[in-house]
Amino acid sequence: MLSSPCLLWLLALTSVVPRARPWAPPDLEEEDDDSESTPGPAAPCDYDRCRHLQVPCAELQRAGRPACLCPGLSSAAQRPEPPRLGDVRVVAEEGRAVVRWCAPSSPVHRYWLLLWELLLWEGGGAPQKGPPLNATVRRAELSGLKPGGAYVVCVVAANGAGESPVPGPGEDAVPAFGPCGRLAVPPRPITLVHAAVGVGTALALLSCAALAWHFCLRERWGCPRRRPVDTQAADAL
Ligand SMILES: *[C@@H]1O[C@H](CO)[C@@H](O)[C@H](O)[C@H]1NC(C)=O
């Protein structure tokens, strides 16, 4: 398996081959090499692009003995690809939401969140920008969300070459599996209780008014219930 050219090429690419002569003819060092310089198949690093506080793979690789394999990254001279927004968990009672994301296959120096109210997003307005987060972070909290509010949240990655793109505000649909997502904060349960009490009170008042009108006002002002005209008219029909 080690001698397969593909794997050797991979090893060379990720600079984990300890020897300077990966292409040396095998018959030169046939005997003594077996135990010492056969590191076994290099394992992938314990790197998860969605894990919070994940050390960058390049650092794992530098620290590892033997060095492990990292997923390929785009060039550091290009702005990062967009991260992928994951789970958004809303804590309605506290007006906050916890947002998670996964790193792109690009070198990233920092992240931040952008938050629009839905109407502002649709109108192409400017977002609120969150504080910068270091490259290990995959989870952040939004606070001060209004009960019953609707928002769009995007995560941006940045490196020395620029920022990852964000779909243009104003777009009706927020693309799935991209850096953005919608989030809706349910109305406070207490608000619902108030609404229920309000509707109940209104109904009770209406009933009272109807009863009062029926028993009291009609009596006092002599509501013309059996006017002779009506009776005659009815008879005529
Ligand atoms: C990155 O930020 C997190 C959360 O604020 C913090 O716990 C961690 O120590 C920071 N890491 C580095 C390398 O600065």
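Every number here is computed from the coordinates shown, using simple stated rules; none is lab data. Everything numeric here is computed off the predicted structure, so don't read it as measured data. Counting neighbours? That spans all protein chains shown, and the Cβs are built from the backbone with ideal geometry, glycine included.
Cβ crowding within 10 Å ranks Val185, Val197 as Val197, Val185, fewest other Cβ atoms first.
In order along the stretch 62-68, the Karplus-derived 3J(HN,Hα) couplings, from 6.51 cos²θ - 1.76 cosθ + 1.60 at θ = phi - 60°, round to 5, 7, x, 9, x, 5, 9 Hz, and Gly and Pro are given as x.
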